[in-house]
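Structure first, then comments.
Please treat every number below as a calculation from the coordinates, not as lab data. Small disclaimer: the values here were computed from a predicted structure and weren't measured. Don't worry about glycine lacking a Cβ; one is built from the backbone with ideal geometry, like all the others, and counts go over all protein chains shown.
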Amino acid sequence: MQADLPLADPRPDRVAVADQVVLLRGFVATAPLREAIATIERSAPFRHLATPGGGRMSVAMTNAGAVGWHSDENGYRYVDVDPLTGAPWPAMPAAFADLARRAAAAAGHRDFVPDCALVNRYVPGAQMGTHRDFDERDLGQPIVSVSIGLPATFVWYGATRGDPPRPVPVMDGDVLVWGGRARAGYHGVRRLRAGADPTAVRHNLTFRRAR
Ligand code: MD6
Ligand code: FE
């Protein structure tokens, strides 16, 4: 019997997914983030955006901050008014900005000040196709991505869609940070499976400096 041994967690709390792509496991307690999302969605509801190709995203989105990410038949862009409500996006909660700055710093990017918190909501069956994020003005700024709720499989490819996929399980409280040479890398999120989180959804906060 080894009843007195602590349960060792063999998962390291920091993982190099690829060059300049860092996973910070269990970096943040998510209860306050969930409350902040509930407040945001009261003034800027989640919506399934149209894509330039004529599709509709399975992931529902909203934003907080000075600018919000938006997509419609005319393309992807940042907008400073919510096209759904005609009002400015809800302000970025101080706890969001602080989390983004701390996570970026933990990955070696100092003084990250995001102006956009894109909030993604996945229900089981939702997925995000392979893409890269390069609509931002200064690609020298990193991206900080926070997972909340149901676990998912994030997939990192790299410089091309054809690079060998690296699947990364992301769980509640995990934070991914990437920048530098990895900043324009291809990535996606596999179809979400049902699971045990009481909310039955996954939220993801993606912090960017867009302007
Ligand atoms: C998600 N994230 O995790 C989708 N993009 O739900 C992204 O597309 C993403 O996690 C850029 C940087 C980090 C990300
Ligand atoms: Fe992305």
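Measuring nothing but how far apart in sequence close Cα pairs (under 8 Å, 6+ apart) lie, relative to its length, the chain scores a relative contact order of 25 percent. When only the Cβ of Lys, Arg, Asp and Glu is charged (+1, +1, -1, -1), the dipole of the stretch 1-140 relative to its Cα centre reaches about 220 debye. If you take the alpha carbon atoms of the chain and fit the smallest convex hull around them, that volume is 137 Å³ per residue. About its Cα centre, the dipole of the stretch 68-157 is roughly 360 debye, where the only charges are +1 on Lys and Arg Cβ and -1 on Asp and Glu Cβ. State, as an integer percentage, the relative contact order of the stretch 1-126 based on alpha-carbon contacts under 8 Å between residues 6 or more apart. It comes to 22 percent, rounded to a whole number.
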